[in-house]
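What follows draws every value from the coordinates through simple rules; no lab data is involved. These numbers come from a predicted model, not from an experiment. Cβ coordinates were reconstructed from backbone atoms using ideal geometry, including for glycine residues, and neighbour counts include every protein chain displayed.
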Amino acid sequence: MGFLVDDEGTALMWRGLILARALEQFLTDVRWGDMDYLLIDMPPGTGDIQMGLARMLPQAEMLVVTTPALAAQKVAVRVADMARRSFMKVVGVVENMSAFVTPSGESYALFGEGGGAALAQEIDTPLVARIPLEPAVSAGGDAGRPAALAAPDSPAGAAFHALADRIVTELLPPIEMSGCTARILELAKLDSKR
């Protein structure tokens with residue numbers, strides 16, 4: 001989105017219809033190449049982007065992210081409700097910033113404890129990961145190299161790797177596309193162009 005504004009300090013002020021159209025273009029016009037998954041990180045809430053995504057990708061599945069704080073759980077409950085009302089499956093809860101981990105390995109529950117587990121129980125879905133807050137996460141974000149790559153052995157890096165492994169082995173194993181109707185139609189179109 002940085003290419004659409006003069007500099008990073010300029011706000012991109014888009015509302016409902018424009019946001020939905022931009023999302024649709026990202027989904028349909030971008031050549032993503034071969035991929036097993038498309039993960040879309042959405043802002044918290046139940047706004048136009050979330051509703052548009054549920055409409056455009058009716059078979060999408062959702063991971064709800066919360067923090068241990070009660071206020072975050074209240075928003076996350078509404079997100080899960082919106083997803084289910086849109087017939088989108090909620091496959092799990094991720095608790096972000098579960099605790100602050102110092103470079104020496106000490107852990108402090110700065111935002112409380114058990115919020116992710118409480119949310120998972122409330123919306124009847126598993127707690128699939130607890131991601132700690134540590135300096136490697138913010139440093140990796142600032143450098144454009146996430147902790148999972150820059151510091152894979154750090155507590156957060158290890159938690160991200162465990163989450164990714166759980167996604168591909170338990171929650172959302174890759175779909176076998178050879179028998180999928182969409183894939184068959186795609187191959188038929190390619191054959192007709194030859």
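Quick notes on this one:
- Exposed chymotrypsin sites (Phe, Trp or Tyr not before Pro) absent - longest run of the chain, DSSP non-H/G/I/E/B, at most 11 other C-beta within 10 Å: 88-194
- Option label - semi-axes √(5λ) of the Cα gyration tensor in Å computed here, alternatives (i) 46, 16, 12; (ii) 31, 21, 20; (iii) 40, 19, 15: (ii)
- Rounded to the nearest 500, the 222 nm mean residue ellipticity of the chain from helices alone is -13000 deg cm²/dmol, with -39,500 (n - 2.57) taken per DSSP H run of at least 4 residues.
- The dipole here belongs to the range 59-193: it is taken about the Cα centre, uses +1 on the Cβ of Lys and Arg and -1 on the Cβ of Asp and Glu, and is about 520 debye.
- Between residue 92 and 64, the built amide H atoms are under 5 Å apart, and every one of these is 5 or more places off in sequence or on another chain.
- Expressed to the nearest 5 percent, the antiparallel share of DSSP beta bridges inside the chain is 15 percent.
- Sites excluded, GluC sites (Glu not before Pro) in DSSP loops with at most 10 other C-beta within 10 Å, longest stretch of the chain: 9-105
- Other-chain or far-sequence residues with amide H under 5 Å of residue 131's (modelled H): 95, 96, 97, 98
- Total formal charge among the other residues, if their Cβ is under 14 angstrom from that of residue 52, Lys/Arg +1 and Asp/Glu -1: +1
- Phi-based couplings in Hz for the range 123-129 (Karplus 6.51, -1.76, 1.60; Gly and Pro marked x): 9, 6, 8, x, 7, 9, 6
- Working note: Karplus 6.51/-1.76/1.60 with θ = phi - 60° gives the range 90-97 the couplings 9, 8, x, 10, 10, 9, 8, 6 Hz, where Gly and Pro are set to x.
- Residues 98, 138, 104, 154, sorted so that the one with the fewest Cβ neighbours within 10 Å comes first: 104, 138, 154, 98
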